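Bear in mind that the values in this text are calculations on the coordinates, not laboratory data. Note that the structure is predicted; figures quoted are calculated from it, not measured. Cβ atoms come from the backbone with ideal geometry, glycine included; neighbour counts cover every protein chain shown.
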Amino acid sequence: MAAMSLAECTNWDLFRLFFVVARLGSMNRAARQLGISQPTLSRRLTELERDVGAPLLFRTPAGVALTQEGEALRRSTANMIGAFEAFQKEVRRQIGMRSSIVRVSASEGMTKHWLLPRLKRLREIGDNVQFEIYSTAHQHSLASGDLDFVIRIGRTGDDELVGKRLGQVAFGIYASQDYLKSRPAPQSLSDLPNHCLIGQTPDISSPRRETEGGPGLISQFLAAEALGRGVKVSQVAGQFAATSLGLGLALLAIPFAEAEGLLRVLPGEVAALDVWLLRRKESDMRKQTRQVRQFLERELRASKYWLNGRLDQDAAPR
C-alpha cells in the first residue's frame, strides 16, 4: 500500500499550535494563549514531529528554540497561515456582500400588486439591505436560483424547503368591457366553450393544474381552454394585457384582476389556491433574512381577506 502523504496524515491544527509556540518562544506562554494545558500542547507537538519525521524544537533555559527543520517549518507555516488569513478575509467580504442581498421570487401578479407596494417598508429593515425581486410565471427553485424566499401559489413543489401556508388567493373569470360589448357574458361554466379563452402556454408549469381537483372552476376552465378557441400567453402580465384588449375571458386572481380594472363574469364561481412562503432552513442564520421572513409572514396574514377576494374587508396593499 502506498505511503500516506503529510497532508493526508497530519491534523492541520497542529501547524497552528506549532506556529504559536515558535512565535512566542515559550511552551507555557503559548499554552496560556491557546487556552490548553502545557502537557497537552507538548503532546500535540510531539505528534507533529512524528508526522514530519524530524525534531522541530528543543528546550533552553530561556524557553524553546527551533531546530533547522523547525525553522524551515516556521517559515512555511507563516506563509500558510498568512494565505489562510487572506482567504478568510476574502470569504468574509464575499459573505458580507451576499448577506446584504435578499432574493425573493413571486408570481408576476403577486409581485406587482402585493410585494412591490410593500417594498418601501420592507427596505426599512436596514439601509444596507439590497433586494432582488424575481417575477416570473415559472416556479423558481430556491436551491438552483440561490433564492432566499419564494412566495408560491399552489403546491409547494420542493420537499427540501420549509415554510408556511399563509392564506389563499381567490380566482375568478374576467373580461374587458370591450369584449362584453361584442358578445354576451357567459351565464354558466357550460358556456365557456363558446367563448375565446386566454390561457397559459404549455411550457409553463401551472400550479393551477397541480392543485385543483374535481369538476371545479379551474378544471372546467382548463377543459374549455383545451378546445383551442382563444389565445395562450406565457406570462401572466401578457394574459392581463390580452384580457384588457378584449381578446377573451381569462381565469385570473381576483385581487389582481380587480386592481387592473377588469370586469368579473360568473361572480358565483370562485376557486382558491394556497399561498406559501417558502425558504431554506439555513436562511434563518442571517439576521436580515429572519427579519424579512417575519415581515412577509405578518403582511401575508394581514392580507388574507384581500387575497381571498373579499376586497371590502381588507385594505389594498399598503
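Loop-located chymotrypsin sites (Phe, Trp or Tyr not before Pro) across segment 8-78 with a Cβ neighbour count of 12 or fewer within 10 Å are 12, with loop assigned by DSSP. Under the simplified labelling scheme, the residue 60-residue 181 pair shows an inter-label distance of 10.1 nm, with each label point 7 Å from Cα along Cα→Cβ. Diffusion coefficient (Stokes-Einstein, Kirkwood radius over C-alpha pairs, 4 °C, 1.567 mPa s) for segment 211-292: 83 µm²/s, rounded to a whole number.
As a calculated quantity, the FRET efficiency between residue 132 and residue 302 at R0 = 22 Å, using C-beta atoms, amounts to about 0.35.
Ranked by the mean number of other Cβ atoms within 10 Å per residue, highest first, peptides 246-252, 21-27 order as 246-252, 21-27.
Label positions at residue 164 and residue 223, each projected 7 Å from the Cα along the C-beta direction, are separated by 3.8 nm.
Using the Karplus relation 6.51 cos²θ - 1.76 cosθ + 1.60 with θ = phi - 60°, the per-residue 3J(HN,Hα) values for segment 163-168 come to x, 9, 7, 10, x, 9 Hz, with x marking Gly and Pro. Per-residue packing, averaged as other Cβ atoms within 10 Å, sorts the ranges 272-282, 174-184, 75-85 into the order 272-282, 174-184, 75-85, beginning with the highest. Distance between the 7 Å Cα→Cβ label points at residue 190 and residue 51: 8.2 nm.
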